[in-house]
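Engineer: One structure, as structure tokens, below. Some questions next.
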Amino acid sequence: MNGLIGIALLLGLWWLGGLIVANDPDLYAFANFAPEPTLKRLWSMVLSGEVISMSGPSLERVGLGLIYAAAFGVPVGILIGRAPRIHELTNVPFQFMRMISPLSWMPIAVMAFDTWDGAIVFLIAMAAVWPILFSTAAGVRRIDPAWLKVARNLGAGPLHMLGSVILPAIAVDILQGVRLALGVAWVVLVPAEYLGVTSGLGFAINDARDTLDYDRLAATVVVIGIIGFALDAAVGRIVKKLNWVRAAH
């Protein structure tokens, strides 16, 4: 119920802002940012399939970026979580790199990759890798040493211990890192797609701005918010389910 009230308040503020803009001679050109023209345009975009066509490439880029980030972040996170010396060696460099805006890597990405898509996926991976890495490492450090001792006493080798003890113990931590990484990646996506691609949500925002198609621009912003919220909610439900299963055991 409170969620519905919050949505109603947000729509009310949006409507009020649109009314102020529509009645201001200096801002009248932006009147299509108001709820009514935006939602009408959004509905037409849904019916025409434009929402799917603009969202597909963006979701693919974010998905690839997260896969690459997890492929690096999870094993490195396990390594620095298990080896205090490596943690000490890498903590300052990794924390330093984490504080660099992912978009700062844009010139390097453009030079290093043959395609714009490759550059965008790289930027997304640079944004997403740190939450996954640090969350994984923190999860490994929280594992009860007794679990590892028992596994060794039962004859578990390194790979068996990884698959039977470590990964199940940190699954929730990895997913929480992925959830944080998804939020960061989704924010980075739109400016990253201002690069030379001709598809995706960021391109649609840029194109609508250049053509002064403000109701389409606002509708695309709403689509970005809805998809981002849905993705975050989906990962959140998986995290809660795994937490419940782990607590039940």
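The values are calculated or read from the model by the stated rules, or taken from the named source; none is laboratory data. These figures come from a predicted structure and were not determined experimentally. A quick note on method: Cβ atoms are made from the backbone with ideal geometry, for glycine too, and the neighbour counts reach across all protein chains shown. Heads up: the accessible areas ignore ligands, DNA and RNA and are worked out on the full protein's heavy atoms, side chains in. Shrake-Rupley method; radii C 1.70, N 1.55, O 1.52, S 1.80 Å.
Engineer: Can you pull out the residues in the stretch 176-223 that are over 11 Å from the mean Cα position of the chain (by Cα), among the hydrophobic types (A, V, I, L, M, F, W, C) and open to solvent by 30 Å² or more (accessible area, probe 1.4 Å)?
Structural biologist: Within the stretch 176-223, F203, L212, V221, V222 meet the criteria.
Engineer: If I go through the stretch 23-60 residue by residue, how many of them are crowded, with 16+ Cβ neighbours inside 10 Å, assigned to a helix (DSSP H, G or I) and either modelled with pLDDT under 85 or more than 27 Å from the chain's Cα centre (by Cα) (or both)?
Structural biologist: Total meeting the criteria: 6.
Engineer: Residues being free of Cβ contacts under 8 Å to residues at least 40 places away in the same chain and either buried (at least 16 other Cβ atoms within 10 Å of the Cβ) or assigned to a helix (DSSP H, G or I) (or both): count how many of those fall in the stretch 144-175. Can you show your working first?
Structural biologist: Quick first cut of the stretch 144-175, residues free of Cβ contacts under 8 Å to residues at least 40 places away in the same chain only: 144-161, 163-165, 167-169, 173.
From what is left, the residues that are either buried (at least 16 other Cβ atoms within 10 Å of the Cβ) or assigned to a helix (DSSP H, G or I) (or both) are 145-153, 156, 158-161, 163-165, 167-169, 173.
Matching residues across the stretch 144-175 total 21.
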